[in-house]
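Structure record follows, encoded as structure tokens.
The values are calculated or read from the model by the stated rules, or taken from the named source; none is laboratory data. Being a predicted model, the structure only gives us computed values, none of them experimental. Reconstructed Cβ throughout: ideal geometry from the backbone, glycine too, with neighbour counts over all protein chains shown.
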Amino acid sequence: MLVSDRIRWYEYAGVLLAAVVSYVTVTRTFWFHDDWYFLAHAAHLADLTKGGSRWVSYEGYWKLFFPVFGIETAPWAVTRLLLHAGSVWLVIRLARLLGLKAGFALLAGLLFAATPSTFESVFWGTGVVELLGVFFALASLDQWLRGGRTSLILSLLWGVLAVFSKETGFFLPVFYLVWARRQAEDRRPRLLVAGALLGLTVVAGILLLVNLQGEQGYDLTLWTLPHNLMLMVFWMVAPPPFQTGNEVAFAGAWILGLVLVILWLVAALWARRRGQQIAPWAGLFCLGAMLPALPLADHILPRYAYGPAAAGAISLAAILAASGWKPDRRWIMFLVLPVVAFNYWNLHHRLTAEYTNGRVIHRLVVKEEISRRMCDRIAGLELVRPDRLVFFLEPDREPLEIQYIRDSLADDLGLRLYLGADLEVVWTESISPDDVGSYVISIKGFDQKPMGRYRPRRER
């Protein structure tokens with residue numbers, strides 16, 4: 001490697017700054033929905049073990065940090081931002097290891113730093129599932145490409161962590177086996193590592209299928225493969241207004257995705273003819289990262305495009321490199337400012353975009369607001385320890401809004417974590433003698449009315 005083509009520390013720093021600086025406000029994001037389940041499991045308030053197919057991201061991560069952070073949101077959010085920054089850094093390193101010059105490697109990092117799908121993973125505590133899977137998969141690839149016995153052992157370690165974090169890394173052993181068969185150097189140890197990782201991936205896959213049995217919203221079908229593929233490609237490049245998850249039913253989204261796939265195929269083959277082999281290989285990595293999500297019948301979401309976007313960024317940078325363009329690295333570093341501005345818009349739009357009725361569009365932002373408001377409101381009530389809280393569901397209630405509230409709070413887990421494990425929470429359609437002395441809140445939907453302690457009138 002020429003000294004002049006080395007990536008300097010401040011160039012790394014500039015790209016990583018572009019990746020995270022606009023998302024710093026997520027340190028104030030409150031807990032909601034699945035967050036409460038994982039926190040409750042780590043706090044031993046609930047047993048939510050699901051067989052271990054995602055042990056690292058469902059249990060290990062939460063159990064590691066809960067004794068240190070508790071339910072303080074800021075330090076948890078910092079770990080998510082660090083994981084995202086680490087993945088951007090690894091994209092740059094991988095681009096270099098695959099043969100791209102420094103300027104194009106930095107460009108690949110900037111392209112990934114600007115991925116709109118990042119929002120859901122860094123905003124939502126549970127988004128760490130995506131972040132862990134992608135970070136460990138990239139770290140495994142990084143060590144595999146470096147070669148040597150120590151790097152291969154590390155590649156296996158990171159690969160296992162990736163596979164048991166998220167299915168994004170399921171493609172790794174297949175790639176490693178193909179690579180090992182083509183290698184003359186270190187062929188035997190590479191085959192051993194690839195075989196071991198393949199065996200563990202099969203175990204993780206079986207556990208996953210067992211866990212999905214009976215899971216609502218996770219039905220699998222082959223009919224969705226082409227539709228979901230085009231939709232995922234669309235989400236890799238779609239701007240924030242088209243990253244809500246509602247695009248599943250939008251024909252224009254998957255049609256544009258199909259156009260993008262065709263354009264990429266033409267460009268990758270053209271780059272290959274010009275001696276640039278990285279573009280098609282990176283495209284295959286992108287497809288491999290998508291594959292586990294493609295059979296989902298009705299639970300395809302924008303954040304699933306986060307991992308594929310890492311490989312997509314390298315592929316696009318390789319296509320540009322094949323064109324003969326020789327970018328000035330100072331010009332590439334100037335792109336840091338537009339990326340920061342784009343990421344800020346990405347975050348700001350999700351937090352503020354509303355329907356005509358004034359309700360926020362993004363479902364995660366809505367649930368975060370509900371969870372925060374409910375916890376703060378109930379914390380202001382005159383509760384005792386231990387206490388019993390009764391949510392009385394009015395006959396003319398709004399079922400969808402009630403479901404949103406219950407999902408946001410994870411039924412009773414959110415309030416028990418926030419206000420104390422000795423708080424009993426009941427959702428009921430009728431008040432009974434068992435509720436005497438309980439604090440009652442009348443609830444029709446997003447609007448709630450504290451009714452005070454239940455004291456039945458004495459019969460005359």
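Observations
- Test: residue in the stretch 88-98 that is under 30 Å from residue 366 (Cα atoms) and either β-branched (Val, Ile, Thr) or out of contact with any His (no Cβ under 7 Å at 6 or more places or on another chain) (or both): yes
- Within the stretch 395-411, if we keep just the residues that are closer than 18 Å to residue 442 by Cα and surrounded by 21 or more Cβ atoms within 10 Å (Cβ to Cβ), the residue that is farthest from the chain's Cα centre (by Cα) turns out to be 405.
- Residues in the stretch 369-382 that are under 15 Å from residue 73 (Cβ atoms) and in contact with a Ser or Thr (Cβ under 6 Å, 6 or more places away or on another chain): 371 alone.
- Residue count for the stretch 165-193, restricted to those that are assigned to a loop (DSSP other than H, G, I, E, B) and in contact (Cβ under 8 Å) with a residue 40 or more places away in the chain: 2.
- Cβ-Cβ distances below 8 Å connect the following pairs, each with a first residue in the stretch 227-252 that is closer than 16 Å to residue 295 by Cα, a second residue that is surrounded by fewer than 19 Cβ atoms within 10 Å (Cβ to Cβ) and of a type in the set (D, E, K, R), and a separation of six or more residues or different chains: 248/298.
- Residue satisfying all of: in the stretch 263-288; of a type in the set (Phe, Trp, Tyr) and under 20 Å from residue 93 (Cβ atoms); nearest to the chain's Cα centre (by Cα) among these: 285
- Single match in 148, 169, 103, 109 (criterion: of a type outside the set (Lys, Arg) and within 21 Å of residue 211 (Cβ to Cβ)): 169
- Among all residues of the stretch 197-215, there is at least one that is modelled with pLDDT of 90 or more, in contact with a Lys or Arg (Cβ under 9 Å, 6 or more places away or on another chain) and more than 19 Å from residue 127 (Cβ to Cβ).
- Taken over the stretch 1-43, the residue count meeting the criterion of being free of Cβ contacts under 8 Å to residues at least 12 places away in the same chain, in a helix (DSSP H, G or I) and among the hydrophobic types (A, V, I, L, M, F, W, C) is 3.
- Taking the stretch 246-255 as the range and being assigned to a helix (DSSP H, G or I), within 25 Å of residue 354 (Cα to Cα) and of a type outside the set (Asp, Glu) as the test, the residues that pass are 246, 248, 249, 251, 252, 253, 254.
- Tabulated pairs, the stretch 339-350, first closer than 16 Å to residue 14 by Cα, second in a helix (DSSP H, G or I) and not small (Gly, Ala, Ser), C-beta under 8 angstrom, 6+ apart or interchain: 339/110; 340/17; 340/21; 343/21; 343/23; 343/118
- Lone qualifier among 161, 157 - being over 13 Å from residue 288 (Cα atoms) and in contact with a Gly (Cβ under 9 Å, 6 or more places away or on another chain): 161
- Identity of the residue in the stretch 159-181, β-branched (Val, Ile, Thr) and buried (at least 20 other Cβ atoms within 10 Å of the Cβ), that ends up farthest from the chain's Cα centre (by Cα): 160
- Yes/no for residue 344 being crowded, with 21+ Cβ neighbours inside 10 Å and not small (Gly, Ala, Ser): no
- Every listed requirement among (1) free of Cβ contacts under 8 Å to residues at least 24 places away in the same chain; (2) of a type outside the set (Asp, Glu); (3) surrounded by 13 or more Cβ atoms within 10 Å (Cβ to Cβ) is met by residue 358 save one, (3).
- Condition check for residue 434: modelled with pLDDT of 90 or more, out of contact with any strand residue (DSSP E or B) (no Cβ under 7 Å at 6 or more places or on another chain), assigned to a helix (DSSP H, G or I) and of a type in the set (Asp, Glu): no
- So residue 321, is it farther than 28 Å from residue 132 by Cβ, touching a Phe, Trp or Tyr at 6+ places or on another chain (Cβ under 7 Å) and surrounded by 21 or more Cβ atoms within 10 Å (Cβ to Cβ): yes
- Applying the criterion of being within 24 Å of residue 398 (Cβ to Cβ) and in contact with a strand residue (DSSP E or B) (Cβ under 8 Å, 6 or more places away or on another chain) to the residues of the stretch 445-460, the residue that is modelled with the lowest pLDDT is 448.
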